[in-house]
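Undergrad: Mind having a look at this structure? Questions to follow.
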Amino acid sequence: MPCQLRRMFLLLSCLLGVALVDTSRVNAALTGPTLQFDYGAGRSRPNPLAQFMYFVPLVSPEEVSLFTNVGNTQCARVVSFHCRTNGVMFHAVCQFDFLGDGVERNVFDHAFLIHRREKELRAGKLLAHQLAAISVEGGGGGSMEIDGTLTNGRPAVAEMRLRFNSRGHASPVTIDLQDIGWRNGNLYYENEMVARVNTLRFQQKPGPPKMEVTLASVKRADAGNGLWQSFVGGLKGAAANLLLPPLNITTNGQQAMLNFGLALATQQPTFTFPFAERLTNCAALAP
C-alpha cells in the first residue's frame, strides 16, 4: 500500500502538471517492515524472509524487483544473543535461523547504470562482475555480529556482519554476477556466474558507503551441482574474494544496517526498516 500511494501521488502530479506533494516528505513518512525479536525466548513469531531481507533493496543504488515462488514459507527467527564488553568496546552476536521452503530472488535493474556509463560502454569498456540478483533458497543458519564502542555508556556501532554459514550450515544465499558490454551497436551480457555468499559486511568509516562480500564458491551459471563442480567452485571462490571489490551501496541503506545492528546489540524487541524507494514491487511484502 505505501508504494501504491506514493505512485498515485506521482501520477497525479504528472497528469496535472503540478507538484501536488513533496515526494521526499512522502518517503520520509513511509516505513519498511517491522521485524520482531525474542532472542530465543519463544514469544514472537518468525519474520517472513522477504521482510528480514528487506535491506537488499534498501542498500541498492539500482531498482530491485522481488520474486518468490507460490506457496513460499521461508521465514527468519533470531534464536540467541551474546554480548561481551570491556566498558569501552563491545562485541555482540545474534544467531538466526532461516526456516521453511521456497526461493526468494531480488533482481537488480541495470538501466540507470547502463545509461550513466553508456559512453564508456560504447567506447569498449566492459562492466565486469555486475550484481544481477541475490537469492535465498530454502533454510539455513547464520549469525549477525556487531562491533562497536561505548561512550558514557552509550553504544555506537562501527561494524555489522551478516554471516550465512554458521553452525555447520552451508549458506543458502547466492548472488548472480555478469559482465555487461557493447558490441555491434548492442548491449550484451556474458560471463554469467553464480557465487555462494558467506558474509556481508557493513562498516562506519570515511568515504563512500560500501558492502563487502565474502564468497564461499563461484561457478558458471550453466554449471552443474556435482562434487567436481563444487570443488572447482570452492577454488574459484577463494580467488573471487581477491577480485570482487566492495559493492557501492546507498548512504541511508548503510545507516539502516548499522541501526539494525544497534537494535540487536541493545536487545530491542523490534526494528523497523526505513522505506526502500528502489523496491519496485513492495506489494509482495504484504503479510
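Undergrad: Length gain on complete extension for the stretch residue 86 to residue 45, per 0.36 nm per residue less the alpha carbon to alpha carbon distance?
TA: 11.4 nm
Undergrad: Rounded to the nearest Å, what's the spacing between the alpha carbon centres of region 180-205 and region 112-174? Just the number, please.
TA: Cα centroid of region 180-205 versus Cα centroid of region 112-174: 12 Å apart.
Undergrad: Provide the packing ranking of 33-41, 71-79, 213-221, i.e. peptides ordered by the mean count of other C-beta atoms within 10 Å per residue, highest first.
TA: 213-221, 71-79, 33-41
Undergrad: Can you give the convex hull volume of the alpha carbon atoms of region 150-224 per residue, in Å³?
TA: Dividing the Cα hull volume of region 150-224 by its residues yields 124 Å³.
Undergrad: Same structure again: What's the FRET efficiency of residue 270 with residue 170 using the Cβ-Cβ distance as r and R₀ = 22 Å, to the nearest 0.05?
TA: That gives a FRET efficiency of 0.15.
Undergrad: At 0.36 nm per residue, minus the direct Cα-Cα distance, what do residue 188 and residue 34 gain on full extension? Give it in nm, one decimal, please.
TA: Here the segment from residue 188 to residue 34 would lengthen by 51.5 nm.
Undergrad: Further question on the same structure: What distance in nm separates the simple spin-label points at residue 65 and residue 101, each placed 7 Å from Cα in the Cβ direction?
TA: Going by the 7 Å Cα→Cβ label model, 2.7 nm.
Undergrad: Please list the non-local residues whose amide H lies under 5 Å from the amide H of residue 158, H modeled 1.01 Å from N, same-chain partners needing a gap of 5 or more.
TA: So residue 158 has HN proximity to 147, 148, 149.
Undergrad: How would you rank 257, 193, 160, going from fewest to most other Cβ atoms within 10 Å of each one's own Cβ?
TA: Taking fewest neighbouring Cβ atoms as first place, the list is 193, 160, 257.
FYI, it's all coordinate maths here, none of it is from the lab. Just so it is clear, the model here is predicted, and its values are computed rather than measured. Quick reminder, even Gly has a Cβ in these numbers, built from the backbone with ideal geometry, and neighbours come from all protein chains shown.
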